[in-house]
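Q: Structure incoming, see below.
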Amino acid sequence: MNHFDTPCQEAMREADPPAEALPLAPEVERLCRLLRHASLFQGLGCGEIARFARGVREIKAAKGEILFHRGDTCTGFHLILSGQIKLAFTSSEGNEKVVDILRPGQSFGEAVMFMDKPYVVMAQALTDSALLHIGKQVLFEEISNDPDFCHKIIAGLSQRLHRLMGDVESYSLRSGRERIIGYLLREEELGSECSGTGRVSIRLPTSKGTIASRLNLTQEHFSRILHELTSSGLIEVEGRTIHIPDIERLRSSLD
């Protein structure tokens, strides 16, 4: 007991629960559950995640809605809860190069936030989407107070850089056919419908034109390769659904 405390004061102090044990307001608790979708916050207790709630804003984006344009000020980063978001470069003539197609659980905007630079790409909702925007001020404060969280941020950015280098390798060293087959195999790993006989069906997440741009191909080249793969019996195309009669045969065609 502190010599300056009365027994009553000491008893009251011992009865105070730690901050982690204090009940959270319903809205804060709900935001905590949503933030757990991000790998950045995995492993953190709800009380730790709650510190970010004051800097969180929910966003609903309709299909086709622009979240930000190139040159806009970055005030934080986004976490996708549902839907799909396209990141792309656009030229003054209206030409577009898709940089990435992001899904629930993924985040974007961290790099330019740390550089304190404007966005270098535009972000557009490919479907009706729900996101969280985490303000950079609260994020910077938590990074200053928690080295482990800082390591997670660095790890996430490093993974994104590694994936970007993989893209550069693919565009530089792989043929269009190899890029498309690799893309279909990755989509199959993310989730597909299997008939139980080795036949796999993949629903393309967005338009063929958007996927072609993502793979650094023209839409015409993309369609021509799909036709060649169909003629070879490796795939069957039904609108945006790609049927793969034999996934192992498609995989071995890359060898």
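The values are calculated or read from the model by the stated rules, or taken from the named source; none is laboratory data. Fair warning: this is a prediction, and the values are worked out from it, not measured in the lab. Glycine gets a Cβ as well: all are built from the backbone with ideal geometry, and neighbour counts include every protein chain shown. The protein model used for the area step is the full one, side chains on, heavy atoms only, and it has no ligands, DNA or RNA in it. Shrake-Rupley method; radii C 1.70, N 1.55, O 1.52, S 1.80 Å.
Q: Let me have the relative contact order for the chain, percent, based on Cα pairs under 8 Å that are six or more residues apart.
A: On the way: 362 pairs, mean separation 41.7, N = 255.
Relative contact order comes out at 16 percent.
Q: In square angstrom, what is the accessible area per residue of the chain with a 1.4 angstrom probe?
A: On the way: 14370 Å² over 255 residues.
In whole numbers, the chain has 56 Å² accessible per residue.
Q: Give the residue from Ser207, Gly47, Thr75 lying farthest towards the positive end of the charge dipole for the chain; charges sit on Cβ (+1 for Lys and Arg, -1 for Asp and Glu) and the dipole is referred to the Cα centre.
A: Highest projection toward the positive end goes to Ser207.
Q: For the chain, count the residues as N, evaluate 2.2 N^0.38 Å, and divide the Cα radius of gyration by that value, please.
A: Ratio of Rg to 2.2 N^0.38 Å for the chain: 1.30.
Q: What's the local net charge at Lys97, with K and R +1, D and E -1, over the other residues with C-beta under 13 Å away?
A: My count for the surroundings of Lys97 gives -1.
Q: Whole-Å semi-axes of region 209-249's equivalent ellipsoid, largest first, each the root of 5 times a Cα gyration tensor eigenvalue?
A: Largest first, region 209-249 gives 19, 10, 9 Å.
Q: For region 106-255, what value does the Rg/Rh ratio take when both radii are computed over Cα atoms and Rh is the Kirkwood radius, given to two decimals?
A: 1.06
Q: Follow-up. Between His221 and Glu58, how many nm apart are label points set 7 Å from Cα along the C-beta direction?
A: For the pair His221/Glu58, the computed spacing is 4.3 nm.
Q: Further, regarding this structure: Roughly speaking, what is the stretch gain from Ser252 to Glu238, that is 0.36 nm per residue apart minus the C-alpha to C-alpha distance, in nm to one decimal?
A: Values: separation 14, 0.36 × 14 = 5.04 nm, distance 2.29 nm.
Here the answer is 2.7 nm.
Q: Say R0 is 41 Å: what FRET efficiency, to the nearest 0.05, do Thr73 and Arg174 get from their beta-carbon distance?
A: The computed FRET efficiency comes out at 0.65.
Q: Name the lysines eligible as straight-distance cross-link partners of Lys117: C-alpha to C-alpha under 29 Å, and not fewer than 8 places from it in the same chain.
A: Lys60, Lys63, Lys86, Lys97, Lys136, Lys152
Q: Now a separate question. Roll a 1.4 angstrom probe over the protein heavy atoms and tell me the percent of accessible area of region 33-180 that is carbon or sulfur. Let's see the in-between values first.
A: Working: 4160 of 7690 Å².
Looking at region 33-180 in its full context, I get 54 percent from C and S.
Q: Just how many % of Cα pairs in region 33-178 lie over 19 Å apart, if you round to the nearest whole percent?
A: The proportion of pairs with Cα distances above 19 Å equals 55 percent.
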